[in-house]
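Just below is one structure, and these are the notes that go with it.
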There are 2 protein chains.
Amino acid sequence: MPSRPDADDPRLGDLSEGEILRAILARTAQASHTLIGPGDDAAVVAAPSGSVVATTDTLVHGPDFRLAWSSGFDLGWKAAAVNLADVAAMGARPTALLVALAVPRDLRLSFVQRLADGFREACAALAPGCAVVGGDLTVSDVLTVAVTALGDLEGRAPITRSGARPGDTVAVAGELGHAAQGLQLLFGRFRDGETPVPVDVAVLGDGDRAALDAQLRPSPPIGLGPMAATAGATAMMDVSDGLALDARRMAAASGVTIRLSAAALGDDPVRALAGGEDHALLAAFPGAVLPPGFRRIGEVADRSDHDLLVDGDPVDVSGWDPYRDWDSASG
Amino acid sequence: MPSRPDADDPRLGDLSEGEILRAILARTAQASHTLIGPGDDAAVVAAPSGSVVATTDTLVHGPDFRLAWSSGFDLGWKAAAVNLADVAAMGARPTALLVALAVPRDLRLSFVQRLADGFREACAALAPGCAVVGGDLTVSDVLTVAVTALGDLEGRAPITRSGARPGDTVAVAGELGHAAQGLQLLFGRFRDGETPVPVDVAVLGDGDRAALDAQLRPSPPIGLGPMAATAGATAMMDVSDGLALDARRMAAASGVTIRLSAAALGDDPVRALAGGEDHALLAAFPGAVLPPGFRRIGEVADRSDHDLLVDGDPVDVSGWDPYRDWDSASG
């Protein structure tokens, strides 16, 4: 973030709140289920089911992203995607996003414009019909993007994490461990000592590039959430903190033991179990027939001494912890 | 925020996310319209009208509050109140809050417990039936409280800021300028040079104490929003940035001129016009009969050269700008 004045790309601190909001809103407008959009005290969003699914998730510079690695577009895309995934995990269709931005004065207008582009394009690609319907802008030394996503159940019952029953098939849709692989690449190859340095994708092969995309611009299978609900899923959640930790949570909430097969977890089962931020959908289905997009990774068993068994053994893979690696002194 | 270890009141950085969330959620549970509350990927909230009103507003340490002046309880209360006011300003009844907290590691558990108390008590006092239904916790060097409020229109049409018509009566419910008076007190009497010092209410008279409360724990007339809608309000908004600026916004959105009477603005009309953060409800009503709780302050006229006239003259009172007084170096 250069601090030299640049008339073509002003610092946010040199603009009024209204000027910044107009620049952002011009980019987030898109067809949606909004009855009243940005510009009033609140938005009004259609909730035809008579209920609304609501979730909030925040990205903070440092623990959740680094500006050396994430463009404004990446950041907007990821902030949208992680929230859309939580709506999808209830079996709902995302209808609207609200975006609360806390921005440093030195940040450039072009950055938040690209952030708005990221929100718009993530909605268009992952959850058509969903749009940014409102937001808030304030100033902070720490760039913070707090997003709330709303969704509609379209008449279905919500799918919680507590409904898995012994005999159910355990399945996932989406990637496992790719986002963690991407983060490993960033920490291994795109920093100078403790300092993050910009990413040069030209030096990466296809696999590494896909892993980097999974970390910086994840594409969770949002549309498969409602499909899983229609197919009769008994429990569902998004895998944000690693499969091991999240499968344990589902097992504990459901009062069952989940038994996974390592062979079903790809070529790096440990990374698949431990790596967070993929936002795959983890679901339990009665019987063996799965909806398209889901693959079997295990089964639900009666409650035993452990929440989770992999190939019959308990696992000790700690989950994703946003506190773990963050040191404000080193960035 | 002392940094000495204290077993009875641990630092958040020494606790797991789950431990912190359990301590908070034990305090925010209350009767509400929630179908599925905290603990799953998303909450599900009743939206019997078939639409949902949604708004988001963030409080950042520095521009929006100072820890020397605001207790955890104050901060939770205010963060709830300002969001509830935006829902009420649409004519809706608040149904749910989502709270995204970004907290410094050094913050004490007792602080976020009192923050949770503030959210619960503000809902109970200002919007019975509304409750915290979900949230997010992350770590940041800057304490940030991003809140989303949801509401239900109970079958009424939403009241926007663009419906005021020539001949309407302009009215307000709630205080004007009190929160600004409270802020003036804090800057005048509760700091040592540039450094905020703790508030000693014992040295204040009743009027000053009320002004301080208006700043630190505002009590906007949330219930009057739905009542105004039922009474036929043509336009409504909450006065967050000062009456002058917000009345101008209503006039511009409605394509009219708003004419106010200084005599109707209390004993300090300039402060009433300029002071922000009271979250009074500003509304236009057809005819002269006002619902209980609203008082006449002016009228809507055909569009002229100015958005706003006070006693027939244009006013140049700048509104509330959260960027204005914040300097991260001096706090």
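For segment A:33-49, which residues satisfy the criterion of being in a strand (DSSP E or B) and charged (D, E, K, R)? A:ASP40, the sole residue that qualifies. Just to be sure before I move on: is A:ARG303 part of a loop (DSSP other than H, G, I, E, B), at pLDDT 95 or above and more than 24 Å from A:ALA210 (Cα to Cα) in the structure I sent? Judged against the criteria, A:ARG303 is a match. Exactly one condition in (1) within 14 Å of chain B (Cβ to nearest Cβ); (2) of a type in the set (Lys, Arg); (3) within 30 Å of A:LEU15 (Cβ to Cβ) is not met by A:ARG217; state its number. With (1) within 14 Å of chain B (Cβ to nearest Cβ); (2) of a type in the set (Lys, Arg); (3) within 30 Å of A:LEU15 (Cβ to Cβ) applied to A:ARG217, the lone miss is (1). Among residues belonging to segment B:39-61 that are more than 16 Å from the chain's Cα centre (by Cα) and more than 7 Å from chain A (Cβ to nearest Cβ), point out the one that is modelled with the lowest pLDDT. Looking at the filtered set, the residue picked out is B:GLY39. Considering every residue within segment B:313-326, establish whether at least one is modelled with pLDDT of 90 or more and touching a helix residue (DSSP H, G or I) at 6+ places or on another chain (Cβ under 7 Å). Within segment B:313-326 (the criterion being modelled with pLDDT of 90 or more and touching a helix residue (DSSP H, G or I) at 6+ places or on another chain (Cβ under 7 Å)), the answer is no, since none of the residues qualifies.
For segment B:144-172, a residue qualifies if it is part of a loop (DSSP other than H, G, I, E, B), surrounded by 24 or more Cβ atoms within 10 Å (Cβ to Cβ) and within 11 Å of another protein chain (Cβ to nearest Cβ), and the qualifying residues are B:LEU153, B:ILE159, B:ARG161. Checked against the criterion of being more than 11 Å from chain A (Cβ to nearest Cβ), within 20 Å of A:ALA149 (Cα to Cα) and in contact (Cβ under 8 Å) with a residue 60 or more places away in the chain, segment B:112-121 has no qualifying residue.
Taking the condition under 19 Å from the mean Cα position of the chain (by Cα), in the same structural domain as B:THR55 (by TED's automatic domain parsing) and under 30 Å from B:ASP208 (Cβ atoms), does B:ARG120 pass? So B:ARG120 passes the test.
Here segment B:63-87 is the region considered, the condition is being modelled with pLDDT under 95 and within 7 Å of chain A (Cβ to nearest Cβ), and the residue that is nearest to B:LEU115 (Cα to Cα) is B:ASP64. B:ALA210: under 25 Å from B:ASP64 (Cα atoms) and either at pLDDT 95 or above or over 16 Å from the mean Cα position of the chain (by Cα) (or both), yes or no? It is true that B:ALA210 is under 25 Å from B:ASP64 (Cα atoms) and either at pLDDT 95 or above or over 16 Å from the mean Cα position of the chain (by Cα) (or both).
Cβ separations smaller than 8 Å between residues 6+ apart or across chains give the following pairs from segment B:14-30 residues that are assigned by TED's automatic domain parsing to the domain that holds B:ALA96 to residues that are surrounded by fewer than 18 Cβ atoms within 10 Å (Cβ to Cβ) and in a helix (DSSP H, G or I): B:GLN30/B:ALA124. Screening A:MET90 against (1) facing chain B (nearest Cβ under 10 Å); (2) out of contact with any Pro (no Cβ under 7 Å at 6 or more places or on another chain); (3) assigned to a loop (DSSP other than H, G, I, E, B) leaves a single unmet condition, (2). Just a yes or no: is a residue in segment A:238-248 surrounded by fewer than 20 Cβ atoms within 10 Å (Cβ to Cβ), within 14 Å of chain B (Cβ to nearest Cβ), under 21 Å from A:ASP302 (Cβ atoms) and touching a residue at least 12 places away in the same chain (Cβ under 8 Å)? No; the residues of segment A:238-248 include none that is surrounded by fewer than 20 Cβ atoms within 10 Å (Cβ to Cβ), within 14 Å of chain B (Cβ to nearest Cβ), under 21 Å from A:ASP302 (Cβ atoms) and touching a residue at least 12 places away in the same chain (Cβ under 8 Å).
The values are calculated or read from the model by the stated rules, or taken from the named source; none is laboratory data. Just so it is clear, the model here is predicted, and its values are computed rather than measured. Note that each Cβ is placed from the backbone with ideal geometry, even for glycine, and that neighbours are counted across all protein chains shown.
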